[in-house]
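Let me begin by presenting the structure, written as structure tokens, before commenting on it.
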Amino acid sequence: MELRWIKVSAWERRGAPLHGFLGRRGGKSEGAFMGLNLSFRVGDDPAVVKDNFCDVKKAVGVHNLKVVTMKQVHGDHIADVADPKIKEIGEADGMVAEKPGIFLGLLTADCAPILFSMPERKLAAVVHAGWRGTLAGIAPKMVRHLKERYGVAPEEIEAALGPTIGVCCYEIGADVAEPLTVKWGDAAKSAIQSRVGKQYLDIRELNRRQLEGAGVAPERIVVAGPCNACDREFFSYRRDKDTGRQLSFIGWPS
Ligand SMILES: [Zn+2]
């Protein structure tokens, strides 16, 4: 079965990194994990998850594709990856591939997967941003990290935010709205909607505003793909609780 594979069309035109946001179509997982679950941490059969990774390799067309993932903990730690053979880098919510030949993966089911591409240097990075990571400002932290450690100017950065729970579905309480508004001011207010006495958060909009605030050019920030809770071709923790995780990935072929 063909995978649901969302690419950033703006990146396709310029000689792009290998990248994509995958949905749950294809894959061999069953039950709550039905389809292309790529997480070993949600209770799915590890042999089947391995098989699903093989399906991804075939679809992507890279036979020996290795994807480095993190133990995502809703924090703001960023790890630098220099070894393409590492499977999981440990606890972190952001990673940078220090050179071509290293592919980075994010596993999500509502949180925002953010891919960063720096074509001039063939650098790639990823960020996992749920509301906690967004509150901590992990996306702008990545922009600062890329500047401090790699000398990348914010203007060189292209960012893409993939399928995330949308403002249509992501109801939040005061425990989330308040700290976001205190810390991020107008950017947070513009990302929080009120409807019939309830509040809803647009995680991608807030991260987009944070990236802009960190100096990334607005035209270089792309929002790609639907709300993963509305679109059943994606896993959603909010919608289904017991469920799988979809993969987003990026890297420069060596
Ligand atoms: Zn929705």
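The values are calculated or read from the model by the stated rules, or taken from the named source; none is laboratory data. If you're wondering where the values come from, they're calculated on a predicted model, not measured in any experiment. Positions of Cβ are generated from backbone atoms using ideal geometry, with glycine treated the same way; all protein chains shown enter the neighbour counts. The area values use the complete protein model at the heavy-atom level, side chains included, leaving out ligands, DNA and RNA. Shrake-Rupley method; radii C 1.70, N 1.55, O 1.52, S 1.80 Å.
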Quiz item: Using a simple spin-label model with points 7 Å from Cα along the Cα→Cβ vector, what separation in nm is obtained for Glu91 and Glu178?
Solution: 2.6 nm
Exercise. With 5 Å bins from zero, work out the P(r) of the range 1-152 over every alpha carbon pair and list the percent per bin.
Key: 2, 9, 18, 21, 22, 16, 8, 3, 1, 0
Quiz item: So what does log10 I(q)/I(0) come out to for the range 160-226 at q = 0.20, 0.24 Å⁻¹, using the Debye formula with one equal point on every Cα and no solvent?
Solution: -0.80, -1.06
Practice problem: Would you mind calculating the gained length between Cys168 and Met34 on full extension (0.36 nm times residue separation, minus the Cα-Cα distance), in nm to one decimal? | Solution: 45.8 nm
Quiz item: For the chain, what size does the Cα cloud have along each of its three principal axes, sorted from largest down, in whole Å?
Solution: 48, 45, 33
Self-check item: Distance (nanometres) between label positions extended 7 Å along Cα→Cβ at Glu120 and Lys99
Solution: 2.2 nm
Quiz item: Among the lysines, which have Cα under 17 Å from the Cα of Lys183 when same-chain residues fewer than 8 positions away are ignored?
Solution: Lys141
Practice problem: Estimate the FRET efficiency between Asp45 and Asp186 by the formula 1/(1 + (r/R0)^6), using the beta-carbon distance for r and 51 Å for R0, to the nearest 0.05. | Solution: 0.65
Quiz item: Using every alpha carbon pair in the range 51-93, what percent of pairs falls into each 10 Å bin from 0 up to the bin containing the largest distance?
Solution: 27, 41, 29, 3
Practice problem: Over the chain, average the accessible area per residue using a 1.4 Å probe and give it in Å², no decimals. | Solution: 44 Å²
Quiz item: Quick one: if you take sqrt(5λ) for each eigenvalue of the C-alpha gyration tensor of the range 104-196, what semi-axes come out, biggest first, whole angstrom?
Solution: 27, 15, 11
Practice problem: Report the label-to-label distance for His77 and Tyr150 in nanometres (one decimal), using points 7 Å from each Cα along the Cα→Cβ vector. | Solution: 2.0 nm
Self-check item: Evaluated over the range 210-254, the Cα radius of gyration and Dmax, each in Å
Solution: 14.9, 39
Quiz item: In percent, what relative contact order does the chain have, based on Cα pairs under 8 Å that are 6 or more apart in sequence?
Solution: 25 percent
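When all alpha-carbon pairs of the range 126-173 are counted, what percent fall beyond 18 Å?
Cα-Cα pairs of the range 126-173 separated by over 18 Å account for 40 percent.
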Quiz item: Roughly speaking, what is the centre-to-centre gap between the range 112-155 and the range 195-212 when only Cα atoms are used, to the nearest Å?
Solution: 19 Å
Practice problem: Pull up the cross-link candidates among the aspartates and glutamates for Lys58, meaning alpha carbon to alpha carbon under 13 Å and not fewer than 8 places away within one chain. | Solution: Glu2
Self-check item: Protection proxy ranking, peptides 127-135, 96-104, average beta carbon neighbours within 10 Å, highest first
Solution: 127-135, 96-104
Exercise. Can you tell me which of 174-182, 137-145 comes out highest on packing, and rank the rest after it, using the mean Cβ neighbours within 10 Å?
Key: 137-145, 174-182
Self-check item: Proximal lysines to Lys71, defined as alpha-carbon separation beneath 18 angstrom and excluding residues fewer than eight positions away on the same chain
Solution: Lys50, Lys85, Lys87
Quiz prompt | Unit Cα scatterers, Debye sum, the range 1-49: log10 I(q)/I(0) for q = 0.19, 0.20, 0.21, 0.22 Å⁻¹ | solution = -0.66, -0.70, -0.73, -0.77
